[in-house]
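S.K.: I'd like to ask you about the structure that follows.
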Amino acid sequence: MAIQVRKGQGDVKLTREEFERRVRERFYDPAFQNVDRQISEIIDVAWNGYDEYRKSPRKRKAGSGFADPGFELPIEWLEAEALVETVALARAGRFPRMEVDAEARPK
(Lines give C-alpha, C1' and ligand atoms only; values in the text may rest on other atoms or scores of the structure.)
Protein backbone atom coordinates (compact mmCIF):
# COMPACT_ATOMS: atom_id res chain seq x y z
CA MET A 1 0.00 0.00 0.00
CA ALA A 2 1.60 3.25 -1.19
CA ILE A 3 1.35 6.39 0.89
CA GLN A 4 0.07 9.44 -0.94
CA VAL A 5 1.91 12.58 0.02
CA ARG A 6 -0.17 15.71 -0.19
CA LYS A 7 1.70 18.79 -1.36
CA GLY A 8 0.57 22.36 -0.90
CA GLN A 9 -2.52 23.80 0.67
CA GLY A 10 -5.95 22.43 -0.12
CA ASP A 11 -8.42 24.68 -1.89
CA VAL A 12 -10.26 26.81 0.65
CA LYS A 13 -12.04 29.21 -1.68
CA LEU A 14 -15.70 29.70 -0.85
CA THR A 15 -18.48 29.36 -3.36
CA ARG A 16 -20.55 32.48 -4.05
CA GLU A 17 -23.45 30.91 -2.14
CA GLU A 18 -21.34 30.08 0.92
CA PHE A 19 -19.75 33.54 0.85
CA GLU A 20 -23.19 35.20 0.83
CA ARG A 21 -24.52 32.87 3.55
CA ARG A 22 -21.63 33.77 5.84
CA VAL A 23 -21.97 37.51 5.24
CA ARG A 24 -25.74 37.44 5.76
CA GLU A 25 -25.27 35.73 9.13
CA ARG A 26 -24.12 39.12 10.42
CA PHE A 27 -27.45 40.69 9.40
CA TYR A 28 -29.76 38.26 11.21
CA ASP A 29 -31.54 41.03 13.13
CA PRO A 30 -34.98 41.73 11.57
CA ALA A 31 -34.07 45.44 11.59
CA PHE A 32 -31.96 44.73 8.49
CA GLN A 33 -34.96 43.55 6.44
CA ASN A 34 -35.63 47.09 5.26
CA VAL A 35 -32.15 47.39 3.76
CA ASP A 36 -31.88 43.94 2.17
CA ARG A 37 -31.34 45.40 -1.30
CA GLN A 38 -28.42 47.52 -0.07
CA ILE A 39 -26.95 44.52 1.76
CA SER A 40 -27.14 42.53 -1.49
CA GLU A 41 -25.26 45.32 -3.29
CA ILE A 42 -22.55 45.34 -0.61
CA ILE A 43 -22.27 41.56 -0.83
CA ASP A 44 -21.83 41.84 -4.62
CA VAL A 45 -18.94 44.30 -4.18
CA ALA A 46 -17.38 42.19 -1.41
CA TRP A 47 -17.69 39.01 -3.49
CA ASN A 48 -15.97 40.68 -6.42
CA GLY A 49 -13.03 41.65 -4.20
CA TYR A 50 -12.84 38.13 -2.77
CA ASP A 51 -13.22 36.40 -6.12
CA GLU A 52 -10.64 38.64 -7.83
CA TYR A 53 -8.36 38.28 -4.77
CA ARG A 54 -7.92 41.97 -4.07
CA LYS A 55 -6.38 41.25 -0.68
CA SER A 56 -4.55 44.55 -0.50
CA PRO A 57 -6.18 46.92 -2.98
CA ARG A 58 -4.54 50.07 -1.59
CA LYS A 59 -0.80 50.15 -2.22
CA ARG A 60 2.05 52.61 -2.66
CA LYS A 61 5.73 52.39 -3.48
CA ALA A 62 7.84 51.13 -0.57
CA GLY A 63 10.19 54.12 -0.69
CA SER A 64 13.69 54.63 0.66
CA GLY A 65 14.93 52.21 3.25
CA PHE A 66 13.69 49.17 1.33
CA ALA A 67 15.72 46.89 -0.95
CA ASP A 68 13.35 47.70 -3.83
CA PRO A 69 11.98 51.23 -3.20
CA GLY A 70 9.73 50.98 -6.25
CA PHE A 71 7.98 47.81 -5.05
CA GLU A 72 4.33 48.43 -4.20
CA LEU A 73 3.37 47.42 -0.67
CA PRO A 74 -0.03 47.53 1.07
CA ILE A 75 -0.58 50.87 2.79
CA GLU A 76 -1.78 49.07 5.95
CA TRP A 77 1.51 47.15 6.10
CA LEU A 78 3.59 50.30 5.61
CA GLU A 79 1.67 52.09 8.37
CA ALA A 80 2.13 49.14 10.75
CA GLU A 81 5.84 48.94 9.90
CA ALA A 82 6.27 52.67 10.60
CA LEU A 83 4.52 52.30 13.95
CA VAL A 84 6.74 49.37 14.93
CA GLU A 85 9.81 51.42 13.99
CA THR A 86 8.57 54.39 16.03
CA VAL A 87 8.01 52.21 19.09
CA ALA A 88 11.41 50.58 18.69
CA LEU A 89 13.10 54.00 18.54
CA ALA A 90 11.15 55.22 21.56
CA ARG A 91 12.11 52.16 23.59
CA ALA A 92 15.74 52.62 22.62
CA GLY A 93 15.58 56.23 23.77
CA ARG A 94 16.36 57.53 20.30
CA PHE A 95 12.98 59.00 19.54
CA PRO A 96 13.26 62.74 18.95
CA ARG A 97 11.65 64.76 21.70
CA MET A 98 8.68 66.87 20.74
CA GLU A 99 8.98 70.53 21.59
CA VAL A 100 5.82 72.15 22.82
CA ASP A 101 5.16 75.81 22.26
CA ALA A 102 3.75 77.03 25.60
CA GLU A 103 2.19 80.05 23.88
CA ALA A 104 0.14 77.81 21.59
CA ARG A 105 -1.52 75.97 24.49
CA PRO A 106 -5.18 76.76 25.19
CA LYS A 107 -5.78 78.69 28.38
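S.K.: For segment 11-35, give me each residue that is surrounded by fewer than 11 Cβ atoms within 10 Å (Cβ to Cβ) and either touching a helix residue (DSSP H, G or I) at 6+ places or on another chain (Cβ under 8 Å) or within 20 Å of PRO57 (Cα to Cα) (or both).
M.R.: Listed by number, the list holds a single entry, LYS13.
S.K.: Can you find even one residue in segment 43-57 that is assigned to a loop (DSSP other than H, G, I, E, B), free of Cβ contacts under 8 Å to residues at least 40 places away in the same chain and surrounded by 11 or more Cβ atoms within 10 Å (Cβ to Cβ)?
M.R.: Yes - at least one qualifying residue is present in segment 43-57.
S.K.: Right, GLU41: of a type in the set (Asp, Glu) and at pLDDT 95 or above or not?
M.R.: When the stated conditions are applied, GLU41 passes them.
S.K.: I'd like to check something: does segment 12-35 contain any residue that is in contact (Cβ under 8 Å) with a residue 24 or more places away in the chain and part of a loop (DSSP other than H, G, I, E, B)?
M.R.: So far as segment 12-35 goes, yes, one or more of its residues are in contact (Cβ under 8 Å) with a residue 24 or more places away in the chain and part of a loop (DSSP other than H, G, I, E, B).
S.K.: Let me ask something else about it. Would you please list the contacts, defined by Cβ atoms under 9 Å and residues six or more apart or on different chains, that run from a residue in segment 69-93 that is farther than 16 Å from LYS55 by Cα to a residue that is among the charged types (D, E, K, R)?
M.R.: Qualifying pairs under 9 Å: PRO69/LYS61; GLY70/LYS61; PHE71/LYS61; ALA88/ARG94.
The values are calculated or read from the model by the stated rules, or taken from the named source; none is laboratory data. Quick caveat, the model's predicted, so the values are computed rather than measured. Cβ sites come from the backbone with ideal geometry, for glycine too, and all protein chains shown count toward neighbours.
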